[in-house]
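Asks: Before I ask anything, let me first share the structure, which is written out below as structure tokens.
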Amino acid sequence: MRVSKWCSRHRLCTAILLFIACSPQLLPAAIVHGTVTDPRGAAISGAAVALIQNGKVVTNTHTDATGGYTLSCGVGGRFIVLAAGTSFRQVGTQTFYAGKLDSVQQDVVLELDTVRQSIVVTASGLPAPQAQTGASVDVLHAPDFQNRFTLIDPLRQVPGVNVVTYGQYGSATSIFVRGGNSDANRVLIDGVPAEDLGGRFDLGSVSTTGIDSVEVFRGPNSVLYGSDAAAGLFSITTTRGTTPTPSFFYQGDAGNYYTYRNELQTGGTHNKLDYYGAFSRLNSSNDIALSQYHNVASSLNLGYSPTSTTQIRATARNTTAALGLPGAYNFYDIANDGKQSDQDLFVSTTIDNQTTDSWHNMVRYGLARKREQAAQWYAAGIPITTIQFGFPTLNYYGLPVTITGANGYSVSGQAQLNSGFGTYPNASDASSNRDQLYAQTDYKITPHLTALGGFRYEDERGSSNYPTYGISESLERPNFDYTLQFAGDFKNRFFYQLGGGVQKNHVYGVQGTPRVSSAYYLQRPGAGLIHGTKLNFNFAKGVREPSLAEQFGSLYDTLLSQPGGPEAILQDNISQIGAERDRTYDGGVEQSLLSQKMLLRVTYFHNEFGNQIEYIDPFAVPQLLPNLTPAEQQALIAFLQNNGGSYANSLSFNAQGVESQLEYQPLPHLFLRTGYTYLDAKVQHSFTSDALSPSYNTGLPGGPIPSFSNIPIGSTSPLVGARPFRRPPNTGFVTMAYSHSKYSATMTGAYASRSDDSTFLGGYDFAAGNSLLLPNRNLDHSYQRFNLGMTYQATTWLGIYTQTNNIFNQSHIAPIGYPSLPFAIQTGIKVAFGGHSAK
């Protein structure tokens with residue numbers, strides 16, 4: 001009996017051991033599971049899925065009929081999931097950590113072998129394939145801007161985006177999206193707002209060092225991103241370490257105009273940690289005297305996973321740049337002797353937690369510290385005394401020049417380069433600081449419906465100081481944003497987003513910003529000449545807060561302190577500076593062609609930009625105060641010139657047009673992309689037209705007769721019925737990329753038609769008159785800019801490249817007055833050691 005019991009127990013233990021041996025999932029193991037879908041969210045069965053650790057396949061499987069998969073590994077560590085399917089390219093996840101007892105969800109969205117589509121975040125606040133969004137979003141990846149100093153030329157390859165550079169390397173660069181103002185865009189660096197308070201952003205000082213991708217959202221998205229996301233959104237993401245062993249990367253090149261650059265990168269992963277760091281320096285003398293430029297950039301990205309469901313990530317990006325300020329050299333033939341220095345620091349710390357498979361939470365703290373200093377050492381120019389306002393006045397003028405616009409009109413004379421009322425040398429400094437706390441929670445109610453809620457608190461602080469003139473101003477703005485959004489789909493065919501945001505801003509109070517977006521597949525993509533039709537629709541409202549200069553320089557405050565000012569305020573209905581508001585709707589179609597080897601996108605958009613803040617020329621303000629004596633007029637103009645002018649919410653305009661984009665991959669190693677945008681923008685209200693009717697080009701009493709007194713001209717702002725400045729009606733681009741074996745080449749081209757503009761020389765001739773103004777219509781020249789880059793990978797660790805820019809030597813790529821950099825070339829090497837190169 002005892003033997004029988006012992007045998008029974010022995011058989012039971014043996015059976016349990018055999019069961020465990022045959023069932024490895026019962027042993028301590030890291031379990032990785034998820035689904036594999038196509039860009040529309042449809043499950044892909046039979047897709048090959050592999051779990052990678054330290055560059056080796058640990059285990060692999062195939063997806064089931066629902067697209068699901070499960071992989072297990074007996075050890076913990078850092079992994080990547082790779083997936084591939086028939087007619088889909090291989091896609092890998094971000095590296096992730098999983099412990100021995102962890103169960104981690106990693107869903108994979110496969111991409112077609114031919115058409116390029118990316119995962120985007122800006123449209124819905126959550127990662128989603130472009131195919132599931134109804135908004136207009138494009139993504140630039142690191143290969144799109146390799147071998148380049150800045151993002152300027154790559155962003156010219158995005159439809160609806162017009163990039164305007166006011167000079168050469170390092171010069172101020174503005175971005176206009178679908179006709180909106182250049183300060184109506186929110187710019188994020190790892191989720192941290194990078195624009196100045198009020199929206200101004202200088203793209204010219206942004207180095208490509210450490211940048212992994214740039215996501216471009218066209219249209220308002222204040223629902224998710226608050227104030228300043230009024231015309232567009234640019235989300236910059238920095239590079240992460242991915243290799244199991246440390247990687248080291250060096251890139252250095254040199255070119256004409258005494259231009260050289262050096263860049264170092266390193267990155268990798270270790271157990272729960274991933275790390276990446278980069279440093280670069282660029283120097284150039286440029287092609288104009290006193291316009292030397294240097295840019296020092298550094299980037300750091302650290303990630304740590306205390307558990308498989310929680311990740312902590314900290315990023316930091318710092319830029320120190322300095323640029324000479326020769327001014328609009330073509331108007332003077334004398335370079336102004338000024339300098340601008342910038343120090344920008346952006347820090348982000350994020351805690352991301354996947355609480356359950358359906359519930360996700362995230363908290364981010366963001367810090368931005370932007371400082372700018374400007375100095376002018378002496379009053380460059382020819383000292384000349386003329387009679388202004390009936391008094392002898394000394395100012396400093398350029399050489400005699402002839403200014404010719406693209407419209408064929410021209411004027412000759414000498415323009416005032418520096419004011420005799422100034423003090424030299426002089427200096428100024430400004431700061432734009434922001435601390436932001438953002439919390440987001442999202443819950444997948446069903447597999448086809450997700451709810452998202454968000455809260456944002458911003459503490460904005462800014463200052464503007466002119467010690468030379470005894471001016472010191474500062475402000476603080478505590479702002480709050482609340483967001484609620486629902487996103488979902490019906491049968492992977494109709495996708496939608498419905499949300500609303502409320503901004504409680506310190507300056508303009510409470511504003512609501514709704515947004516609705518949808519995408520519907522009239523015909524699912526597939527094989528065939530014309531197969532796959534997607535319809536898109538988007539409606540949204542946006543808002544922008546005033547900048548520091550606009551709030552400090554309120555025309556309302558200026559007039560309030562002047563004799564007769566209160567009467568002028570009532571007469572012209574001038575209010576205190578407040579919010580800018582815009583509304584947009586767009587709709588379009590995406591058509592797949594040639595068995596999805598070609599994709600055509602066409603979108604119509606219509607925008608209304610209301611209550612826009614307009615700059616009021618110092619010479620125009622006295623016209624509102626007719627009772628001022630000549631001496632008082634002269635003193636007021638001098639004060640406004642030194643203090644930056646005045647501003648009022650007096651401008652409104654609409655902008656409608658069509659964006660088109662075609663992508664085609666005729667061969668496995670050749671990719672073609674081209675686009676064209678037509679923009680029809682028209683001013684509806686303008687202070688220049690409404691309060692100074694019919695236009696501000698009559699000159700001062702007793703002054704010279706303007707050159708075009710019979711043609712209405714807006715000196716600093718467009719007139720009613722005209723186009724807003726620097727927004728060409730026709731823009732386009734083309735990209736051809738070839739890569740095979742050891743060779744790769746990329747050719748890019750950008751085109752812009754003539755655009756309306758001003759010389760901005762109203763009041764800057766010998767007698768404070770307007771003889772140097774030109775008619776606004778088609779004043780800026782059209783241009784065609786072509787660039788060619790080539791790379792030869794000599795060995796696995798050494799690459800040699802050449803990048804040529806502005807091949808056809810176009811001199812009018814910048815607005816009138818600013819000469820563009822002529823043909824430029826740089827040649828360099830890339831050296832990579834250790835793990836795969838960081839770029």
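Asks: Could you check segment 756-782 and list, in sequence order, the residues that are touching a His at 6+ places or on another chain (Cβ under 9 Å) and hydroxyl-bearing (Ser, Thr, Tyr)? Give the steps one after another, and end with the answer.
Replies: First, pick out the residues of segment 756-782 that are touching a His at 6+ places or on another chain (Cβ under 9 Å): 780-782.
Answer for segment 756-782, where residues must be touching a His at 6+ places or on another chain (Cβ under 9 Å) and hydroxyl-bearing (Ser, Thr, Tyr): just SER782.
Asks: All but one of (1) under 23 Å from ASP196 (Cβ atoms); (2) buried (at least 22 other Cβ atoms within 10 Å of the Cβ); (3) among the charged types (D, E, K, R) hold for ASP557, so report the exception by its number.
Replies: If we test ASP557 against (1) under 23 Å from ASP196 (Cβ atoms); (2) buried (at least 22 other Cβ atoms within 10 Å of the Cβ); (3) among the charged types (D, E, K, R), just (2) comes out false.
Asks: Let me ask something else about it. Here are some residues: TYR520, TYR508. Which one is of a type in the set (Ser, Thr, Tyr) and touching a strand residue (DSSP E or B) at 6+ places or on another chain (Cβ under 6 Å)? Walk me through how you get there before you give the answer.
Replies: Numbers: TYR508 fails: touching a strand residue (DSSP E or B) at 6+ places or on another chain (Cβ under 6 Å).
Result of the check over TYR520, TYR508: TYR520.
Asks: Please verify whether segment 383-401 includes one or more residues that are out of contact with any helix residue (DSSP H, G or I) (no Cβ under 7 Å at 6 or more places or on another chain) and of a type in the set (Gly, Ala, Ser).
Replies: The answer is no; no qualifying residue exists.
Asks: What are the pairs with Cβ atoms under 8 angstrom where one residue, in segment 530-541, is at pLDDT 95 or above and crowded, with 20+ Cβ neighbours inside 10 Å and the other, located anywhere, is charged (D, E, K, R) and not in a strand (DSSP E or B)? Sequence gap at least six, or different chains.
Replies: Pairs that qualify, where the first residue is at pLDDT 95 or above and crowded, with 20+ Cβ neighbours inside 10 Å and the partner is charged (D, E, K, R) and not in a strand (DSSP E or B): there are none.
Asks: Let me ask something else about it. What pairs can you find where one residue is in segment 124-149 and among the hydroxyl-bearing types (Ser, Thr, Tyr), the other is surrounded by 21 or more Cβ atoms within 10 Å (Cβ to Cβ), and their Cβ atoms are less than 6 Å apart, with a gap of 6+ or different chains?
Replies: So the pair list comes out as SER124/ALA487; SER124/GLN497; THR133/ALA123; SER136/ARG218; SER136/THR603.
Asks: Could you list, in sequence order, the residues of segment 322-346 that are hydrophobic (A, V, I, L, M, F, W, C) and either assigned to a strand (DSSP E or B) or open to solvent by 30 Å² or more (accessible area, probe 1.4 Å) (or both)? First the steps, then the outcome.
Replies: First, pick out the residues of segment 322-346 that are hydrophobic (A, V, I, L, M, F, W, C): 322-323, 325, 328, 331, 334-335, 345-346.
Once the filter is applied, which keeps residues that are hydrophobic (A, V, I, L, M, F, W, C) and either assigned to a strand (DSSP E or B) or open to solvent by 30 Å² or more (accessible area, probe 1.4 Å) (or both), segment 322-346 yields ALA322, LEU323, LEU325, ILE334, LEU345, PHE346.
Asks: Could you tell me whether ARG261 is of a type in the set (Lys, Arg) and within 26 Å of GLY191 (Cα to Cα)?
Replies: Numbers: of a type in the set (Lys, Arg): yes; within 26 Å of GLY191 (Cα to Cα): no.
For ARG261, the condition - of a type in the set (Lys, Arg) and within 26 Å of GLY191 (Cα to Cα) - is not met.
Yes/no per residue for (1) modelled with pLDDT of 95 or more; (2) open to solvent by 10 Å² or more (accessible area, probe 1.4 Å):
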| residue | (1), (2) |
| --- | --- |
| GLY179 | yes, no |
| VAL187 | yes, no |
| VAL192 | yes, no |
| ARG200 | no, yes |
| SER205 | no, yes |
| ASP228 | no, no |
| THR238 | yes, no |
| GLN251 | yes, no |
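Asks: While we're looking at this one, here's another question. Which of the residues that make up segment 405-428 are buried (at least 16 other Cβ atoms within 10 Å of the Cβ) and more than 27 Å from GLN623 (Cβ to Cβ)?
Replies: Listed by number, the residues that qualify are ALA406, ASN426, SER428.
Asks: Next up: Say we look at segment 572-595 and pick out the residues that are free of Cβ contacts under 8 Å to residues at least 60 places away in the same chain and part of a loop (DSSP other than H, G, I, E, B); which of these is most open to solvent (accessible area, probe 1.4 Å)?
Replies: Ranking the candidates gives ASN573 first.
Asks: Are there any pairs, at least 6 apart or on different chains, whose C-beta atoms fall under 6 Å, with the first in segment 198-216 and more than 15 Å from GLU263 (Cα to Cα) and in contact (Cβ under 8 Å) with a residue 60 or more places away in the chain and the second among the charged types (D, E, K, R) and part of a loop (DSSP other than H, G, I, E, B), and if so, which?
Replies: Qualifying pairs under 6 Å: GLY198/GLU545; GLY199/ASP183; GLY199/ASP228; ARG200/ASP183.
Asks: Among the numbered criteria (1) under 25 Å from the mean Cα position of the chain (by Cα); (2) in contact (Cβ under 8 Å) with a residue 60 or more places away in the chain, which single criterion is violated by LEU417?
Replies: That leaves (1) as the condition not met.
Asks: List the strands (runs of 3 or more DSSP E) that sit entirely inside segment 58-121 and contain at least 2 residues that are open to solvent by 30 Å² or more (accessible area, probe 1.4 Å) and either out of contact with any strand residue (DSSP E or B) (no Cβ under 7 Å at 6 or more places or on another chain) or closer than 20 Å to THR356 by Cα (or both).
Replies: Those strands (runs of 3 or more DSSP E) span 68-73, 103-105.
The values are calculated or read from the model by the stated rules, or taken from the named source; none is laboratory data. No experiment lies behind these values; they were computed from the predicted model shown. Cβ atoms come from the backbone with ideal geometry, glycine included; neighbour counts cover every protein chain shown. Quick note on the areas: whole protein, heavy atoms, side chains included, nothing else; ligands and nucleic acids left out. Shrake-Rupley method; radii C 1.70, N 1.55, O 1.52, S 1.80 Å.
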